[in-house]
1. Whole-Hz Karplus ³J(HN,Hα) for the stretch 69-85, in order, using 6.51 cos²θ - 1.76 cosθ + 1.60 and θ = phi - 60°, x for Gly and Pro?
2. Would you mind checking which residues have amide H under 5 Å from Phe180's amide H? H placed 1.01 Å from N; only 5 or more apart, or other chain.
3. Three principal axis extents, largest first, for the C-alpha atoms of the chain, in Å?
4. For Asp49, put the label point 7 Å out on the Cα→Cβ axis and report which residues of the stretch 18-36 keep their amide N under 17 Å from it.
5. On a 0 to 90° scale, report how tilted helix 111-125 is relative to the longest principal axis of the chain, with both axes built from alpha carbons and the result rounded to the nearest 10.
6. Once fully extended, how much extra length lies between Ala136 and Gln191, figured as 0.36 nm per residue of separation less the alpha-carbon to alpha-carbon distance?
7. Take Ala79 and Gln144, extend 7 Å from each Cα along the Cα→Cβ direction, and tell me the distance between the two endpoints in nm.
8. Taking amide hydrogens as modeled 1.01 Å from N in the peptide plane, which residues meet the under 5 Å criterion relative to Arg235, leaving out close sequence neighbours?
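Rule-based calculations on the coordinates, nothing more; no lab input. Here the structure is a predicted model, which means the values were calculated and not measured. Heads up, the Cβs are rebuilt from the backbone with ideal geometry, glycines too, and the neighbour counts pull from every protein chain shown.
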Amino acid sequence: MSLTPLLAACASAPAPSGKIVSLNPCTDAILAEVADPAQIAALSSYSSDPAASSMDVATARRFRSVSGSVEEVAALRPALVIGSTFTAPATRAAFARMGLRFAAFGLASNVGESKAQVREIALLAGHPERGALLNARIDAALAQAAPPPGPLVPAVVWQSGGMVPGEGTLIADLMARTGFANAAALRGLKQADLLPLEQMLAAPPRVIFTAGNPLAGEDRMLAHPALRALSGTTRAPLDPALLWCGGPSIPRTLARLAEVRRQL
């Protein structure tokens with residue numbers, strides 16, 4: 001489950017009358033969609049960084065940016081802090097001592113979990129109807145991206161350094177919903193395992209989604225000249241910002257995956 005007991009308690013409480021701070025790029029993107037701009041005291045610094053953001057950077061930069069330290073969050077005197085399940089226990093305890101409500105969200109591992117997070121964050125912001133609208137957009141994107149009848153196409157999402165996503169991840173769920181089989185999982189690879197260039201060349205899938213980060217200069221292997229000799233394999237770039245966060249990222253990810261599927 002991605003929702004903590006603390007989150008459940010927060011969700012059942014009235015929406016905050018004051019400001020909201022988000023400390024996670026995934027919750028940043030959802031909050032920016034469902035809250036009034038005046039409600040947002042700050043977003044995480046990740047969302048202002050093109051190499052880490054899952055939302056439009058220009059939009060993120062309209063808001064104050066925080067690194068997540070207790071001191072800078074406390075200075076904003078928010079009514080609610082939204083963060084990650086990975087937020088340090090000491091930080092959570094400090095928020096509790098100061099009387100700050102804290103709601104924690106994990107990484108959504110599938111579309112259903114992501115839609116539940118959208119509903120919860122919209123409820124916390126006091127705008128459940130906006131969460132419903134965002135989820136309706138996700139449903140419409142799912143319908144539009146549905147693949148034609150037939151077997152799933154083997155595909156690998158290949159990240160910088162050769163890392164691959166495993167099963168039980170949002171991107172794996174979106175691949176299946178657009179007609180792809182996660183070839184990394186078929187090889188027995190798990191989340192964050194590495195797929196070396198030699199193994200990719202020896203048994204290539206039908207599609208390689210290259211999700212390197214050009215800003216970090218780490219995608220030389222993903223563009224290796226030997227890959228051009230794979231005549232039966234399509235290489236398609238995939239923005240790494242689409243890999244981890246759900247909510248408003250899902251329609252964009254579905255559109256890209258479906259575009260590649262239609263071109264095969």
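1. Per residue, the Karplus-derived 3J(HN,Hα) values read 5, 4, 4, 6, 5, 4, 5, 7, 6, x, 7, 8, 10, 10, x, 9, 5 Hz.
2. So Phe180 has HN proximity to Val153.
3. 60, 36, 32
4. In the stretch 18-36, the label zone of Asp49 (backbone N under 17 Å from the point 7 Å along Cα→Cβ) covers 22-29.
5. So the helix axis and the longest Cα principal axis differ by about 20 degrees.
6. Gain on extension, Ala136 to Gln191, equals 16.9 nm.
7. 3.4
8. Ile208
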